[in-house]
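Some notes on the structure that comes next.
The values are calculated or read from the model by the stated rules, or taken from the named source; none is laboratory data. Small disclaimer: the values here were computed from a predicted structure and weren't measured. As a convention, Cβ positions derive from the backbone with ideal geometry for all residues, glycine included, and neighbour counts pool all protein chains shown.
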Amino acid sequence: MTCSLKGDSGKNVLIRPGVSKVMSPSGHQLALKLRGKIVPGVGEGKEYLSIPEYTEQFTRLLHTPPFPGTLNIRLEGIGSAELEDIEKLKEHKGILINGFEKDGKEYYPGISLPCTLLIGKEEINGLLFFPEKTAHSPVIVEVISRVRIMDFAAQEEMVELKIG
């Protein structure tokens, strides 16, 4: 099953169930659509999104202050090809979140990518954030949004994710 989200300006190409790409007429990848399951985090997103130097950067990208916390999604059914596609999207469409030093502590940079979550019938726009340093495996992604996404979803719920 694939999911068509508003704003697609290309052709959906099904790779396998739960994984599709949005391709331009000229054959360039515009976006990647994946499925994943919401998984619990450890609360570090809330800590980092309360730091003004990070919050200001995400506020500029979201055009509103972010909810103070991230949503963790474990991507399902992906392999090395999809991880490479995510890396390519980060290279071509990624937005740098600058690192900084504060009170003698180094806060690392990262890359963000626009994304849309489809949870039931709700579409939530946000950002995927890929910090330079993370304890997460590559199949766990962090979503930042202006809203508390868990108001629309439950732990372990499957969601559709459009990246790019």
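Number of residues in region 45-65 that are among the acidic types (Asp, Glu) and part of a loop (DSSP other than H, G, I, E, B): the value is 0. I need the full set of residues from region 97-128 which are touching a residue at least 60 places away in the same chain (Cβ under 8 Å) and within 16 Å of ILE86 (Cβ to Cβ), in order please. Once the filter is applied, which keeps residues that are touching a residue at least 60 places away in the same chain (Cβ under 8 Å) and within 16 Å of ILE86 (Cβ to Cβ), region 97-128 yields THR116, GLY126, LEU127. In region 61-80, the residue that is surrounded by the most Cβ atoms within 10 Å (Cβ to Cβ) out of those that are more than 14 Å from the chain's Cα centre (by Cα) and β-branched (Val, Ile, Thr) is ILE78. Considered as a group, the residues in region 123-164 that are assigned to a loop (DSSP other than H, G, I, E, B) and β-branched (Val, Ile, Thr) include one that is modelled with the lowest pLDDT, and that residue is THR134.
Residues in region 117-146 that are closer than 21 Å to VAL42 by Cβ and among the aliphatic types (A, V, I, L, M): LEU117, LEU127, LEU128, ALA135, VAL139, ILE140, VAL141, VAL143, ILE144.
Taking the criterion of being among the hydrophobic types (A, V, I, L, M, F, W, C) and within 14 Å of HIS136 (Cα to Cα), the residues of region 37-64 that qualify are ILE38, VAL39, VAL42.
Which members of region 74-96 meet the condition of being over 17 Å from ILE140 (Cα atoms) and either among the β-branched types (Val, Ile, Thr) or touching a residue at least 60 places away in the same chain (Cβ under 8 Å) (or both)? The answer is LYS93, ILE95.
Against the list (1) free of Cβ contacts under 8 Å to residues at least 40 places away in the same chain; (2) under 20 Å from ASN125 (Cα atoms); (3) in a helix (DSSP H, G or I), the condition PRO68 fails is (3).
Within region 48-60, can one find any residue that is farther than 15 Å from SER112 by Cα, modelled with pLDDT under 85, over 15 Å from the mean Cα position of the chain (by Cα) and of a type in the set (A, V, I, L, M)? No, because not a single residue in region 48-60 is farther than 15 Å from SER112 by Cα, modelled with pLDDT under 85, over 15 Å from the mean Cα position of the chain (by Cα) and of a type in the set (A, V, I, L, M). The residues of region 137-158 that are touching a residue at least 24 places away in the same chain (Cβ under 8 Å) and of a type in the set (Gly, Ala, Ser), listed by number, are SER145, ALA153, ALA154.
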